[in-house]
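Participant: So that we are looking at the same thing, I have put the structure below in structure tokens.
The values are calculated or read from the model by the stated rules, or taken from the named source; none is laboratory data. Fair warning: this is a prediction, and the values are worked out from it, not measured in the lab. Glycine gets a Cβ as well: all are built from the backbone with ideal geometry, and neighbour counts include every protein chain shown. Quick note on the areas: whole protein, heavy atoms, side chains included, nothing else; ligands and nucleic acids left out. Shrake-Rupley method; radii C 1.70, N 1.55, O 1.52, S 1.80 Å.
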Amino acid sequence: LNNFVLMRADVTANDAEDQMLLKELELYGPPAVLFFDSEGTELRAQRVLGFVGPEAFTEHLNKIP
């Protein structure tokens with residue numbers, strides 16, 4: 001993950017702020033992994049929703065431009 005900046009949002013409280021973030025990102029809830037380019041634009045086609053095993057996730061990471 002050397003080429004990535006990792007950020008994590010904990011929305012388990014499901015308070016108003018968490019709900020606002022999920023709505024803005026068009027997510028129903030965790031788990032989800034979103035990818036953004038250096039300009040801050042989401043690479044929407046690269047989203048990972050739900051659990052993905054380590055091998056499949058590594059494969060996915062290797063395909064991200």
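Participant: Could you list, ordered by first residue, the pairs with Cβ atoms under 9 Å in which the first is in the stretch 48-59 and over 16 Å from Leu1 (Cα atoms) and the second is of a type in the set (Ser, Thr, Tyr) and exposed (fewer than 11 other Cβ atoms within 10 Å of the Cβ), at least 6 apart or interchain?
Facilitator: From the stretch 48-59, the pairs are Leu49/Tyr28.
Participant: Can you tell me which of (1) surrounded by fewer than 10 Cβ atoms within 10 Å (Cβ to Cβ); (2) touching a helix residue (DSSP H, G or I) at 6+ places or on another chain (Cβ under 6 Å) is the one Thr12 doesn't meet?
Facilitator: Of the numbered conditions (1) surrounded by fewer than 10 Cβ atoms within 10 Å (Cβ to Cβ); (2) touching a helix residue (DSSP H, G or I) at 6+ places or on another chain (Cβ under 6 Å), the odd one out for Thr12 is (2).
Participant: A further question follows. Here are some conditions: (1) modelled with pLDDT of 95 or more; (2) more than 12 Å from the chain's Cα centre (by Cα). Arg47 meets all but one. Which one does it not meet?
Facilitator: (2)
Participant: Can you run down the residue pairs with Cβ atoms below 9 Å, 6 or more apart or on separate chains, where the first is in the stretch 28-43 and exposed (fewer than 12 other Cβ atoms within 10 Å of the Cβ) and the partner is among the β-branched types (Val, Ile, Thr) and in a loop (DSSP other than H, G, I, E, B)?
Facilitator: Short answer, once both residue conditions are applied: Pro31/Val52.
Participant: Checking the condition open to solvent by 70 Å² or more (accessible area, probe 1.4 Å) and in contact (Cβ under 8 Å) with a residue 40 or more places away in the chain, which residue from Leu1, Leu6 passes?
Facilitator: On the way: Leu6 fails: in contact (Cβ under 8 Å) with a residue 40 or more places away in the chain.
The conditions single out Leu1.
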